[in-house]
Amino acid sequence: MVRLLLPLLLLVAGALVVALVRDRREREARLLSELRGSFLHGAPLGGFASTGGLTEIQAPGGRLRFRLPAAWIGGFHEPTTASFDCGSGRRLRVDLLTVERRGAGGQALLESLAATRPEPERSLETLERGHLLLKYLEARGQNPSPQVVFCWQLARSLSSEQARVATFSFIVPGEQAGEVFVRADLGLLDREVRNATICD
């Protein structure tokens, strides 16, 4: 009898583990879907989570200007890459790239940005001053420490053959991604990326 019970108990335990793993994956997929919808199409929260006001950041050579909370620590360590510690394991990475491209004008740049991500997984819009903004969300890494990365790509045509793209990647530990303070940071970043300036 004991010999029969042991395999049965192992089978039941295995089935429970599989069900728990499947349930966790489904919950994570639902959370990512909700986060993506809110990030791409929701209204950003007003105000900002950090105290101490905002400070202006400028890339070497003045090619990009934007503002961030003064409490965030970091800056440009290389001419085209910056990193900021936002606290509680959150960080912001900024990458600045000048790209060669075919076609003239903003429409060609719009089409090339649109081609980088499938439509349901991104939003793309034209801002004032000729800037374009592409937004998307990525999940990186596996358990026990997955990360959610909220990305803004701000782009501007420099000439008929060149464009400059600034990528703002806000990297958040997976367990924090839905928290109110992260949503407040996202509202701030969305506003400040939209107000950022890519210079010639």
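Just to be sure before I move on: is E121 more than 25 Å from A59 (Cβ to Cβ), surrounded by fewer than 17 Cβ atoms within 10 Å (Cβ to Cβ) and acidic (D, E) in the structure I sent?
Values: more than 25 Å from A59 (Cβ to Cβ): yes; surrounded by fewer than 17 Cβ atoms within 10 Å (Cβ to Cβ): yes; acidic (D, E): yes.
For E121, the condition - more than 25 Å from A59 (Cβ to Cβ), surrounded by fewer than 17 Cβ atoms within 10 Å (Cβ to Cβ) and acidic (D, E) - is met.
Could you go through the range 148-155 and let me know if any residue there is over 16 Å from T126 (Cβ atoms) and polar (S, T, N, Q). Within the range 148-155, none of the residues are over 16 Å from T126 (Cβ atoms) and polar (S, T, N, Q). Counting only strands (runs of 3 or more DSSP E) wholly contained in the range 121-200, the ones carrying 1 or more residues that are farther than 15 Å from T98 by Cα and aromatic (F, W, Y) occupy 132-140, 147-157, 162-173. Residue-level check: of (1) assigned to a loop (DSSP other than H, G, I, E, B); (2) basic (K, R); (3) touching a residue at least 24 places away in the same chain (Cβ under 8 Å), R93 misses just (1). Residues being at pLDDT below 90 and loosely packed, with under 14 Cβ neighbours inside 10 Å are entirely absent from the range 146-158. Tally time: how many residues in the range 74-99 are surrounded by fewer than 16 Cβ atoms within 10 Å (Cβ to Cβ), at pLDDT below 95 and not small (G, A, S)? Matching residues across the range 74-99 total 6.
Looking at the range 72-90 only, could you name the residues that are at positive phi and part of a strand (DSSP E or B)? Listed by number, the residues that qualify are G74, G75, G87.
Kindly list the number of the only condition in (1) more than 22 Å from G61 (Cβ to Cβ); (2) within 16 Å of the chain's Cα centre (by Cα); (3) surrounded by 15 or more Cβ atoms within 10 Å (Cβ to Cβ) that fails for S112. The failed condition is (2).
Residues in the range 141-183 that are free of Cβ contacts under 8 Å to residues at least 60 places away in the same chain and touching a strand residue (DSSP E or B) at 6+ places or on another chain (Cβ under 8 Å): G141, S145, Q147, V149, C151, W152, Q153, L154, A155, R156, S157.
The values are calculated or read from the model by the stated rules, or taken from the named source; none is laboratory data. Note that the structure is a prediction, hence the values are computed from the model and not measured. Because the Cβ atoms are built from the backbone with ideal geometry, glycine has one as well, and the counts that use them run over all protein chains shown.
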